[in-house]
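Notes follow the structure.
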Amino acid sequence: MQTIEEYLPEHPFFAGLDQPTLELLAGCATNVHFDANEVLFHEGDQADTFYIVRKGLIAIQVQSPSAGGVVVDTAEAGGVVGWSWLVPPYRWMFDARASEPTSAVAFDGACLRGKCESDPAVGYALMQRVARVMLDRLEAARLRLIDMYGSSS
Amino acid sequence: MTSLAEHDHADAAAHALAAGDAMLPRPYRVVRTRQDTRDTVTLQLEPVDGVPLKFSAGQFTMLHAFGVGEVPISISGDPTKEGLLEHTIRNVGSVSGALVAAAPGTILAVRGPFGTGWDVSDGMGGDVVFITGGIGLAPLRPAILELLANREKYNRVALLYGARTPDDILFGDELRKWADLLGIVVEVTVDSGPHSWRGRVGLVTQLIPRIAFDPANTVALVCGPEVMMRACATALRGRGVPAASIRLSMERNMKCGVGLCGHCQLRELFICVDGPVLTYERLAPLMSRWEL
């Protein structure tokens, strides 16, 4: 199995980052594995981790009073999970659960924030990438809001 | 010597004459029905006069429920097999509601087939990507079946399919068969799913970067809501697929089916005769205009 330092350059989220920056970020990372159905975090919990998915599938869920748990998004190999570690009050807004056996790299949120604050160039590069993920998800959510498939004939 | 106006009148008259047969409905009997999802039904129809309908994948018919009305419905059956005419219909209004409720033995009327086809065979020797959402899988199914009849003549084949929920996924058994036995990469995503759903959730466009194909040697066939097709075409262009190799099936208010009434006009196009299948090269300037 590849080490984290070997794997990070291959992950789309880190594309374009130089080796020293990747090594710096890798210092905050550990490999993790989740069994199918294992919960990564619950809504309201302290958000102290950022995940990049190596293999498998993670479901992002919201609890709906009428429908129970509803899966509103998924992240698979090449995807990322979580940005609540980035902004106060550092609380998860959703539940996350492994839909199948899943391998990921988990970054310590406080450690990442520390690196960003001590080196603004690293912080900016990381923020650009998180912003890209947020933008993609916002666009996807807006398109799904119009219920495209609900009205076609 | 005739004037230009006289020429136009002569063309219109010839067009109308040729359209005469196309305006005449043929009676079809409902032989079998299959409830595909909560609101979608497939009807298998046999011609009362015994003459099967030849069609190209991607074409539609005007399907008439007596006493209720007539609507354009894409053919969802296998164009390589003569026999029953198949339509997969979603209940979205009074006519489609009557068609969906038609029991075996019911007589319906059919005009057509009309319009342009997918011409999936243009992809022979290269890669083919099908991208669809919602009921859009039904008009693509004939092209998929046509390809499968000659699977060895194509390289990589992928089907990307987005549905509203897991319960809205069409042709689930066939999707599994195509993936397991027939060498098609089938990727499905839904807009949202219950806790028990173990598959993907997200937009069908998000699947496009995940599949392997040779952009310069790929034909992409896209069918679904217009906003979805536009996003897919943009993503395909982003991967380098030429606009001329991206084909979309447009939906407009088809009435006559033969380019006379103008209900389905999209600027200079009549979707019923110039479409429904058109290249993105042709459609791109039209799809971004609000007035159209």
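The values are calculated or read from the model by the stated rules, or taken from the named source; none is laboratory data. Just so you know, these numbers come straight off a predicted model, no measurement behind them. Counting neighbours? That spans all protein chains shown, and the Cβs are built from the backbone with ideal geometry, glycine included. For the accessible areas, the whole protein counts, side chains as well, though only heavy atoms, and no ligand, DNA or RNA atoms are used. Shrake-Rupley method; radii C 1.70, N 1.55, O 1.52, S 1.80 Å.
Could you state how much accessible area is buried at the A-B interface, both sides summed, with a 1.4 Å probe, in Å² to the nearest 100?
Numbers: alone 8630 and 13910 Å², together 20160 Å².
Approximately 2400 Å² gets buried when A meets B.
For B:Arg176 and A:Asp108, the FRET efficiency from 1/(1 + (r/R0)^6), where r spans their Cβ atoms and R0 equals 51 Å, is about 0.80. For the range A:118-153, a drop of 20 Å² or more in accessible area on going from the chain alone to the assembled protein chains (1.4 Å probe) is found at A:Ala140, A:Leu143, A:Arg144, A:Asp147, A:Met148, A:Tyr149, A:Gly150, A:Ser152, A:Ser153. Of the accessible area of the range A:1-93, computed with a 1.4 Å probe over protein heavy atoms only, carbon and sulfur atoms account for 55 percent.
Interface burial in the range B:242-285 reaches 20 Å² or more for B:Glu251, comparing the full protein assembly with the chain by itself; accessible area from heavy atoms with a 1.4 Å probe. Under the simplified labelling scheme, the A:Met93-B:Arg289 pair shows an inter-label distance of 3.9 nm, with each label point 7 Å from Cα along Cα→Cβ. Bridgeable aspartates and glutamates around B:Lys81 (alpha carbons under 15 Å apart, same-chain partners fewer than 8 residues away excluded): B:Glu46, B:Glu146.
The stretch between B:Arg34 and B:Lys153, if pulled fully straight at 0.36 nm per residue, gains 39.7 nm over its current Cα-Cα span. Isolated cysteines of chain A, defined as having no other cysteine beta carbon under 4.7 Å away, are A:Cys116.
For chain B, the share of DSSP beta bridges that are antiparallel, to the nearest 5, is 60%.
Can you tell me how much longer the chain between A:Trp83 and A:Gln2 gets when fully stretched, taken as 0.36 nm per residue apart minus their C-alpha distance, in nm with one decimal?
Length gained between A:Trp83 and A:Gln2: 26.6 nm.
Computed from Cα positions, the angle between helix A:120-145 and the longest principal axis of chain A comes to roughly 10 degrees. Modelled label positions at B:Glu46 and B:Arg239, each set 7 Å beyond Cα in the direction of Cβ, lie 4.3 nm from each other.
DSSP bridge analysis restricted to the protein assembly as shown gives an antiparallel fraction near 75%, rounded to the nearest 5. Axis of helix A:109-118 versus longest Cα principal axis of chain A: the two differ by about 50°, to the nearest ten degrees. Shielding value for A:60-72 is 4, the average number of Cβ atoms from other chains within 10 Å of each residue's Cβ. Ligands, DNA and RNA left out, the accessible area of the range B:120-249 computed with a 1.4 Å probe is 50% carbon and sulfur. Going from the isolated chain to the complete set of protein chains, the range B:177-198 loses at least 40 Å² of heavy-atom accessible area (1.4 Å probe) at B:Asp191, B:His195, B:Arg198. Remark: spin-label model distance B:Arg267-B:Val227 equals 2.2 nm, labels positioned 7 Å along the Cα→Cβ axis. The packing ranking, built from the mean of other Cβ atoms within 10 Å per residue, places the peptides B:162-175, B:37-50, A:117-130 in the order B:162-175, B:37-50, A:117-130, highest first.
Please state the relative contact order of the range B:173-212 as a whole percent: Cα pairs under 8 Å, 6+ residues apart? Working shown, then result.
On the way: 27 pairs, mean separation 11.2, N = 40.
Averaging sequence separation for qualifying contacts and normalising by length gives 28 percent for the range B:173-212.
Hey, can you list the DSSP H helices of chain B whose Cα span along the axis is 30 Å or longer and whose average Kyte-Doolittle score is at least 0.5?
Numbers: long enough: none.
Once both thresholds are applied, nothing remains.
Across the alpha-carbon set of chain A, the Rg to Rh ratio works out to 0.99, Rh being the Kirkwood radius.
The calculated FRET efficiency for A:Leu145 paired with B:Arg210, based on their beta-carbon distance and R0 = 25 Å, is about 0.60.
Compare the peptides B:115-121, B:235-241, A:77-83, B:71-77 by average per-residue count of other Cβ atoms within 10 angstrom and give them in order, highest first.
Working: B:115-121: 22.1, B:235-241: 17.0, A:77-83: 20.0, B:71-77: 24.0.
Ranking, from highest mean packing down: B:71-77, B:115-121, A:77-83, B:235-241.
Keeping all protein chains in place, calculate the accessible area per residue for the protein assembly as shown (probe 1.4 angstrom), answer in Å². Can you show the working numbers first?
Details: 20160 Å² over 445 residues.
Here the residues of the protein assembly as shown average 45 Å² of exposed surface.
Assuming 0.36 nm per residue, please report the length gained on full extension of the stretch A:Asp136 to A:Ala121 beyond their Cα-Cα distance. Before the final figure, lay out the partial values.
Numbers: separation 15, 0.36 × 15 = 5.40 nm, distance 2.29 nm.
This chain segment gains 3.1 nm when fully extended.
Arrange the peptides B:62-69, B:87-94 so that the one whose residues have, on average, the most other Cβ atoms within 10 Å appears first. Before the final figure, lay out the partial values.
Numbers: B:62-69: 17.6, B:87-94: 19.6.
Packing order, densest peptide first, comes out as B:87-94, B:62-69.
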